[in-house]
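Values in this text are rule-based calculations from the coordinates and carry no lab data. Computed from a predicted model, the values in this text were never measured in an experiment. We place every Cβ from the backbone using ideal geometry, glycine too, and count neighbours over all the protein chains shown.
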Number of protein chains: 2
Amino acid sequence: MQTELSKRLGVEYAVFGFTPFPAVAAAISRAGGLGVLGAVRYTAPDDLARDLDWIEAHADGRPYGLDVVMPAKKVEGATEADVEAMIPEGHRRFVTETLARYGVPELAPGEAAGWRITGWMEQVARSQLDVALDHPIRLLANALGSPPADVIARAHERGVLVAALAGSARHARKHQEAGIDIVVAQGYEAGGHTGDIASMVLTPEVVEAVDPLPVLAAGGIGSGPQVAAAFSLGAQGVWLGSVWLTTTEADLHSPALTRKLLAAGSGDTVRSRALTGKPARQLRTEWTEAWDDADGPGTLPMPLQGLLVAEAVSRIQKYEVDPLLGTPVGQIVGRMNSERSVQAVFDDLTRGFERAVDRVNRIAGRSAR
Amino acid sequence: MQTELSKRLGVEYAVFGFTPFPAVAAAISRAGGLGVLGAVRYTAPDDLARDLDWIEAHADGRPYGLDVVMPAKKVEGATEADVEAMIPEGHRRFVTETLARYGVPELAPGEAAGWRITGWMEQVARSQLDVALDHPIRLLANALGSPPADVIARAHERGVLVAALAGSARHARKHQEAGIDIVVAQGYEAGGHTGDIASMVLTPEVVEAVDPLPVLAAGGIGSGPQVAAAFSLGAQGVWLGSVWLTTTEADLHSPALTRKLLAAGSGDTVRSRALTGKPARQLRTEWTEAWDDADGPGTLPMPLQGLLVAEAVSRIQKYEVDPLLGTPVGQIVGRMNSERSVQAVFDDLTRGFERAVDRVNRIAGRSAR
């Protein structure tokens, strides 16, 4: 499973694995893919440095990458406190009342919310970058918009390829003009922030729009046949995020959430603004339903919504309040039905890919091997 | 491009083309696919008989099929007039006011609405069936729900394979239990009635759910790479509808609508209840926006919405009122950028398919041929 891009990056498989967990990222790289650590959960640069050191020590010398979030639009107000002040009182009341209705306990006094949204702020993303570029990362991905020109230049000076996620061909061309190296075409069915064009349509459209830039297909990919489909559509690699959430190396800190993921069907996700203020696919819960309810206050724009719900999400996760408990995940959650090692996921991907290629060759009237 | 199913049906390519136009259906069959005529526009059985005769005379002896709409739920009230009486006055007023706001002219006195929804009614569908089974059709497809047991039995007696559309694995299994022969897995990106699970996820899920029944992939397919992707995902054929709308054989009766289709991007469709009362993907217009507006009266359930808007849709189409003018179409409308013959579409599909297979073989490390 080799493309020009995978050869350039020195990976055995053109499989890019996005994950918030260092152990998963390292395991993906060890298995022959390229593990990409999501930085959005990190507030303190030292924590990120520690985890990148850990990956470096556990990746067997294989390449890995980092995914940061630099919003295209800056928010006025330099500090988190300034941004907090922009949140309407009615929305805070809605959070309090909804949590009370489900009996969600409060955090202990002085206990910090374990999950903050500060990673969305540009200054935080820049301090993460400084840390990342001190490590031998091979790929820097940006989840929202093109990275600033100086960031791209600094990455290129260090031989780091820069990727950016796009939900439309127009969006992808803007990235190309900004000078990035790889476009991740993120389809409607993907977990997390995503547009409304499905991978089957989006992937070839983006491939044509940014040719000859390499495109990774994201959204709806968790099995070998889906990998083969993405390559059929012109992708030079696949970008998988959801499938790792139920690996044994993942550390969700919530057996209840793992159970929900294993039980969920492909129809049990929703594209909702509840988590960050931009549409992001996640498990459908009574929490997302409350925000998407026409009778509720509705969501706030990014990054206000994320700040508004950060503590609530921490409380829901800590106390595993089942009807409200969710996570970003794509429609492939329907086939995430058992806990497996990252290596087992890779074995399934590569075997399933070979079988799908055999099938297509038979249909095309070519010899299977 | 041969599968067990295409061999069983005696077609050269495992490409199924759904179309409301007899000339397109015949051209698809002549080109080596299986043309499937949509019956929903026909009110009088004689009209359908005439058009099936025409296809029979122009298909060069190749197989063709028919697509009917038998709603799973029957509506109380046997006649169209009874159903009409269930429509609230406020909704009728909204139609009148919206048309007036855009200056849509009325039809001439006595001029019948050219587009009725009577095809949705079970008794109409049954009279269509009688006509169809008098013709040598090879495939009978039902767009909503499983056909009744006696219909399946009658089709099987005549050697006609029965297909049914499904938007979820659960839905597909119900069809299988009803005794149908082929499931059409219709993804979110498809034109017309569709669920919210994208083809990349839905196709393999349905393939696994109804194994060993053959599955056709529908939604997001209009090019060779998309055909190859569908086969990678386990489909035994592809079901294309949108791509034929801008063929030279299609008879949209509206140059303005053809222009809109040629100009539209993949992001210019919406899944709306405006047309029939069930979510159907179509061009986004000021008409769909009016129905989807939270401040409007909202849509009525099927078949009321279709009856409510039938005359309005006729008026909008007849007078080509541009901001309101739309049609069901999938997200692949973004690549429908020129008028081509059905044969040219086939040539593009088959050549693009071969190139996609070459690409995947290279990535898999196999010789290209």
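What's the number of the only condition in (1) more than 16 Å from the chain's Cα centre (by Cα); (2) closer than 18 Å to B:Val162 by Cα; (3) surrounded by fewer than 24 Cβ atoms within 10 Å (Cβ to Cβ); (4) of a type in the set (A, V, I, L, M) that B:Ala81 fails to meet?
Going through the list (1) more than 16 Å from the chain's Cα centre (by Cα); (2) closer than 18 Å to B:Val162 by Cα; (3) surrounded by fewer than 24 Cβ atoms within 10 Å (Cβ to Cβ); (4) of a type in the set (A, V, I, L, M), B:Ala81 breaks only (2).
Are any residues in segment B:235-273 of a type outside the set (S, T, N, Q), part of a loop (DSSP other than H, G, I, E, B) and surrounded by fewer than 23 Cβ atoms within 10 Å (Cβ to Cβ), and if so, which ones?
Residues satisfying the conditions are B:Glu249, B:Ala250, B:Asp251, B:Leu252, B:His253, B:Ala264, B:Gly265, B:Gly267, B:Asp268, B:Arg273.
Of everything in segment B:10-21 that's more than 12 Å from B:Gly241 (Cβ to Cβ) and crowded, with 20+ Cβ neighbours inside 10 Å, which residue is nearest to the other protein chains (Cβ to nearest Cβ)?
Among residues in segment B:10-21 that are more than 12 Å from B:Gly241 (Cβ to Cβ) and crowded, with 20+ Cβ neighbours inside 10 Å, the one nearest to the other protein chains (Cβ to nearest Cβ) is B:Ala14.
Anything in segment B:178-230 that is facing chain A (nearest Cβ under 8 Å) and in contact (Cβ under 8 Å) with a residue 60 or more places away in the chain? List them, or say none.
If the condition is that a residue be facing chain A (nearest Cβ under 8 Å) and in contact (Cβ under 8 Å) with a residue 60 or more places away in the chain, then B:Tyr188, B:Glu189, B:Gly195, B:Asp196, B:Gly219, B:Gly220, B:Ile221, B:Ser223, B:Pro225, B:Gln226, B:Ala228, B:Ala229 are the ones that fit.
Report, by residue number, each residue of segment B:228-266 that is closer than 28 Å to B:Val360 by Cα and of a type in the set (Gly, Ala, Ser).
B:Ala228, B:Ala229, B:Ala230, B:Ser232, B:Gly234, B:Ala235, B:Gly237, B:Gly241, B:Ser242, B:Gly265, B:Ser266
Among what's in segment A:319-333 and is in a helix (DSSP H, G or I) and surrounded by 17 or more Cβ atoms within 10 Å (Cβ to Cβ), pick the residue that is farthest from the other protein chains (Cβ to nearest Cβ).
A:Leu324
Are any residues in segment B:334-363 among the aliphatic types (A, V, I, L, M) and either facing chain A (nearest Cβ under 9 Å) or not in a helix (DSSP H, G or I) (or both), and if so, which ones?
Result: B:Met336, B:Ala356, B:Val357, B:Val360, B:Ile363.
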